[in-house]
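Inspection log for the structure reproduced underneath, given as structure tokens.
None of the figures in this text is laboratory data; all of them are computed from the coordinates on show. As the structure is a computational prediction, the values presented were derived from the model and not from experiment. Positions of Cβ are generated from backbone atoms using ideal geometry, with glycine treated the same way; all protein chains shown enter the neighbour counts.
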């Protein structure tokens, strides 16, 4: 869903997200990697059969099952969206879930942030570096954000709040850019148009790890937890990288870095277990 990526090293003029992915794939294949598409339904990480003998890790793709000696889980995390058709149509054109990725593009403009937790406060505070005004829109009157984060937002002169309010529509799909929001007060039902140049979602992310179940350690929100604080898990030969285990940074370059770490750990692990 990413359009122009400006913050990945080596591309001074930026690069389109799909092109960056394709370049990475081609580079890996040049060194012998094979790629295939599929949807991981489940995995069996037990590595022990009924008779107690070691067995390969199983990755169930629905129509087929892959057997492997080592596995890197790099399935990422999905941003939570409002679910509006107009919102979906404008992702990458003024609708974003990453302030650090896209905030710069709206320098000198007014921006709306949706949410009421720490994620929303963090997004709003970061966006004040670029925007002339940031409005936090929250569906309730009370906030889930921690007191310190909420206080920081309230003390910032560039940030204002609209509570008991939800977004019914994002304008303007026809012009392929965000020009405003159709808002509604949940208590009175009143609707009005709110002019803004961008809408940032600050309602959190969901790690794409349901196919793992409870076979690996996960935190309260479902993120996979590395045993050593880096990339190793409690399952031998199973490693994690990127946003499926990173709830803090969530950047392409940090994901790439942990991907390298996981690959090095796989190499070391395969050498240890032998052919």
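Stokes-Einstein diffusion for the chain, with the hydrodynamic radius set to the Kirkwood value over Cα pairs and evaluated at 4 °C in a medium of 1.567 mPa s, equals 62 µm²/s. In the range 61-100, Rg over Rh equals 1.21, where Rg is the alpha-carbon radius of gyration and Rh the Kirkwood radius from pairwise Cα distances.
Tell me the Kirkwood hydrodynamic radius of the range 161-225 in angstroms, computed as one over the mean inverse distance between distinct C-alpha pairs.
Values: mean 1/r = 0.0675 Å⁻¹.
Across the range 161-225, the inverse of the average 1/r is 14.8 Å.
Can you tell me what share of the DSSP beta bridges in the chain is antiparallel? A percent to the nearest 5 is fine. Numbers along the way, then the final one.
Values: 26 of 45 bridges.
Around 60 percent antiparallel, to the nearest 5.
On full extension of the chain, what length is gained from residue 185 through residue 133, given 0.36 nm per residue of separation minus the C-alpha to C-alpha distance? Working shown, then result.
Values: separation 52, 0.36 × 52 = 18.72 nm, distance 2.10 nm.
Difference between extended and current length: 16.6 nm.
Taking the DSSP bridge list for the range 81-203 and keeping only pairs wholly inside it, about 40 percent are antiparallel.
Note on the range 1-108: along the principal axes its Cα atoms extend 66, 36, 23 Å, ordered by decreasing extent. Where is the GNM fluctuation largest for the chain (alpha-carbon springs, 10 angstrom cutoff): 182, 63, 129? Result: 63 has the largest fluctuation of those listed.
With 0.36 nm allotted per residue and the present C-alpha distance subtracted, the residue 64-residue 34 stretch has 9.1 nm of extension available. Taking Cα atoms only, the orientation of helix 252-273 departs from the longest principal axis of the chain by about 10 degrees. The radius of gyration of the Cα set in the range 21-83, together with its Dmax, comes out at 15.5, 49 angstrom. Ordering 101, 260 from the fewest to the most neighbouring beta carbons within 10 Å gives 260, 101. With each label modelled as a point 7 angstrom along the Cα→C-beta vector, the residue 11-residue 142 pair spans 4.4 nm. Rg and Dmax over the alpha-carbon atoms of the range 81-203 stand at 13.2, 40 Å.
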